[in-house]
Amino acid sequence: MAEKVNPPTLRSVAQLVAHGLVPQEQSAALEDVAKAFATAVPAAFLSLIGHPDDPIGRQVVPTPAELQTAPWEMQDPIGDDALSPVPGIVHRYQDRALLKPLLVCPLYCRFCFRREHVGPDGGLLSDEALATALNWIADHPSISEIILTGGDPLMLSPRRLEHIIGVLSAMPHIQTIRIHSRVPVADPDRITPALLDALDTDRAMWIVLHANHASELTQQARAALRRIQSRAIPVLSQSVLLRGVNDTEEALEALLRAFVTSRIKPYYLHQLDPAPGTAHFHVPIDEGRALLAKLRGRVTGLAWPTYVLDIPGGAGKVPLGPDYYRPDTHPGVVRDPYGSSHRLDEARPERPPSEG
């Protein structure tokens, strides 16, 4: 029997047309989109797309709507560029920093806040630039955590990834290394023994998986995740709240449950960052809060993410709720997961009496 060969990653408008993902009449407009934003639809996602506007297709298939920039959208929505002291570094919080060793991804999300920078030609930090970035980290002992992002760090060769992790692990002040990746769901075959060996460190190593719909957690993706977890590396998740992808109770509940059954702790549910041409994915914050409130008590606490907004301009992430105790407006009243209010005993002491 001949070995099954996966189709190559789709990158051009012509390939998208040939696979029925975009109509021929949109070709000219989509060529304009391609001049600004890269496209990549890997085999793992192509096999999941029933039609271009389904929850998987919406994430990766370009659309002419990307040429429309809303008034509130901005080129650097979370201030990465302004907070970059040297190429490849973003320093927003005192105790941690981002290291972006490359700007290549296995797929290119149509809602990405770095969409103008990432792409197959976004490239790798040169040896000199990488050394400068690592030296900058070494010179900042207040930093205890490094988040490898990009691009997708698991697109690096095992040799280069092992080098980066080895250098970071040799710095006494670096205690935690976190890797943000789409690879386990977008290209699970990349999770090889050699890549896993490159992740070996005596520091706390965490993988944060980006996935937005339950169908992304295929049998192959779960097997890749188990290979990671077998190396005693815990896996968290981050997702973006997206119109037409996970903005219903059913879709979000299925996603959170799929994470937990894959031994993944939901970490962040992001409010969409206002990158240019992404307004068609926008879900208002009040709608997101109401959506999560409907799931409270319906899904296990293990499946509960923090709903966060990365404040435009680089001021950092803040949780968005929903709220259950509001002393500013309803002193002494707490709302349960089902919407009923309960008055607390205001005579109760702030702290329990000492047992000693």
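Residues in the stretch 8-33 that are surrounded by 16 or more Cβ atoms within 10 Å (Cβ to Cβ), of a type in the set (A, V, I, L, M) and part of a helix (DSSP H, G or I): VAL13, LEU16, VAL17, ALA29, LEU30, VAL33. The selection criterion, being touching a helix residue (DSSP H, G or I) at 6+ places or on another chain (Cβ under 6 Å) and open to solvent by 20 Å² or more (accessible area, probe 1.4 Å), holds for ARG203.
Picking from residues in the stretch 227-258 that are free of Cβ contacts under 8 Å to residues at least 40 places away in the same chain and part of a helix (DSSP H, G or I), the one that is least open to solvent (accessible area, probe 1.4 Å) is GLN229.
Quick grid of which residues meet (1) under 15 Å from the mean Cα position of the chain (by Cα); (2) modelled with pLDDT of 95 or more; (3) small (Gly, Ala, Ser):
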| site | (1), (2), (3) |
| --- | --- |
| GLN75 | no, no, no |
| GLY79 | no, no, yes |
| ALA82 | no, no, yes |
| VAL86 | no, yes, no |
| HIS91 | no, yes, no |
| GLN94 | no, no, no |
| PRO101 | no, yes, no |
| LEU107 | yes, yes, no |
| ARG110 | yes, yes, no |
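Sub-6 Å Cβ pairs linking a first residue in the stretch 109-124 that is part of a loop (DSSP other than H, G, I, E, B) to a second residue that is among the aromatic types (Phe, Trp, Tyr), at least 6 apart or interchain, are PHE111/PHE281; ARG115/PHE37, ordered by first then second residue. Cβ-Cβ distances below 8 Å connect the following pairs, each with a first residue in the stretch 84-105 that is farther than 30 Å from ALA44 by Cβ and of a type in the set (Val, Ile, Thr), a second residue that is at pLDDT 95 or above and open to solvent by 50 Å² or more (accessible area, probe 1.4 Å), and a separation of six or more residues or different chains: VAL86/THR132. Across the stretch 58-98, the qualifying residues are those that are in a loop (DSSP other than H, G, I, E, B) and aliphatic (A, V, I, L, M), and the one among them that is farthest from GLU25 (Cα to Cα) is VAL86.
When we screen ASP323, ASP336 for residues that are loosely packed, with under 12 Cβ neighbours inside 10 Å, under 30 Å from SER262 (Cβ atoms), modelled with pLDDT of 80 or more and not hydroxyl-bearing (Ser, Thr, Tyr), the only hit is ASP336.
For every residue, the table says whether it meets (1) out of contact with any Gly (no Cβ under 7 Å at 6 or more places or on another chain); (2) surrounded by 21 or more Cβ atoms within 10 Å (Cβ to Cβ); (3) charged (D, E, K, R).
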site	(1), (2), (3)
THR132	yes, no, no
GLY150	yes, yes, no
LEU154	yes, yes, no
VAL167	yes, no, no
ALA170	yes, no, no
PRO184	yes, yes, no
ASP189	yes, no, yes
THR192	yes, no, no
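Look at the stretch 292-313: where a residue is surrounded by fewer than 17 Cβ atoms within 10 Å (Cβ to Cβ) and a partner is among the β-branched types (Val, Ile, Thr), sitting 6+ places away or on another chain with Cβ atoms under 6 Å, you get LEU302/VAL260. Tallying residues that are of a type outside the set (Gly, Ala, Ser) and part of a helix (DSSP H, G or I) within the stretch 167-212 yields 12.
Does the stretch 196-218 contain any residue that is under 30 Å from ALA34 (Cβ atoms) and over 19 Å from the mean Cα position of the chain (by Cα)? Looking through the stretch 196-218, none of the residues is under 30 Å from ALA34 (Cβ atoms) and over 19 Å from the mean Cα position of the chain (by Cα). For the condition on the phi > 0 side of the Ramachandran plot, open to solvent by less than 60 Å² (accessible area, probe 1.4 Å) and not polar (S, T, N, Q), GLY57 does not qualify.
Pairing residues of the stretch 151-179 that are at positive phi with residues that are open to solvent by 20 Å² or more (accessible area, probe 1.4 Å), at Cβ distances under 7 Å and at least 6 apart in sequence or on separate chains, gives GLY151/LYS100; GLY151/LEU103; GLY151/VAL104; GLY151/CYS105; GLY151/GLY122. When ARG348 is tested against (1) modelled with pLDDT of 80 or more; (2) part of a loop (DSSP other than H, G, I, E, B); (3) open to solvent by 80 Å² or more (accessible area, probe 1.4 Å), only condition (1) is not met.
Each residue in the stretch 259-280 was checked for being among the hydrophobic types (A, V, I, L, M, F, W, C), open to solvent by less than 10 Å² (accessible area, probe 1.4 Å) and either within 14 Å of ARG110 (Cβ to Cβ) or in a helix (DSSP H, G or I) (or both), and 2 of them qualify.
The values are calculated or read from the model by the stated rules, or taken from the named source; none is laboratory data. Remember, predicted model here, so these are calculated numbers, not experimental data. So basically every Cβ, Gly included, is an ideal-geometry build from the backbone, and we count neighbours across all protein chains shown. These accessible areas exclude ligands, DNA and RNA; they are computed on the full protein's heavy atoms, side chains included. Shrake-Rupley method; radii C 1.70, N 1.55, O 1.52, S 1.80 Å.
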